[in-house]
C-alpha cells in the first residue's frame, strides 16, 4: 500500500512539474545543449571523469514503470558551489554496458543545488517550495527539494538532462518533440545491475 502511494505521488509530482516548461526557450535550447555535450564528451571515458573529480556514489535508483536514474558520479567541488554552471554539471549519469561487466556508458548529466544554499540565497528558512521559485535551467524548473541519492549528497533540487541517451518517457513533448523525456527524472532506456528501489530510501 505504501509503495503504491509513493509511486502515485511521484507520478503526480512529475506530471505537475512538466507544466512549468518554458516554451520560449526551445528556440535557442539546442545551442545550450550543444555546449553541455561538448563539455562532457570526454567523459564517455569514465577514467576522465574520475580524473576531473567525479566520484561514483551509491547504487542506481529505480522506480518500476519509470526506469532508473543511472549510476551517479558526483563532483563534490562543483556541488559545494551554489552557482549553476551550464558546462560544469555536478553529476554525470552512467548506465551499465550491454554485458553489465566492468564498465559504464555516459547517458546524461544532472544539475544539483543544495537546498540550504538555494534557501539561504532566497531568504527561505526551511526546506519546501513555500511559494518561492526553485532554481531552473533550460527553461525547466528543478525538482525538489529531495533527499540525496547517495552518501554525501545533501537535500537538494536537481534537474536531469539525458543528452547522451534518448528517453521515451516524459512530459516535454511540446517543447522537445525529438526527446519527450529529455528532462525527466527517470529513463527506462538506462539499465543498472543491482538497482536500488526508490521506495526503500
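Some points to look at:
- Peptides ranked, highest mean first, by Cβ atoms within 10 Å: ranges 139-149, 56-66, 42-52: 139-149, 56-66, 42-52
- Projected label distance in nm at residue 169 and residue 189, using a 7 Å step from Cα toward the beta-carbon: 1.4
FYI, it's all coordinate maths here, none of it is from the lab. Remember, predicted model here, so these are calculated numbers, not experimental data. Positions of Cβ are backbone-derived with ideal geometry, glycine not excepted, and every protein chain shown enters the neighbour counts.
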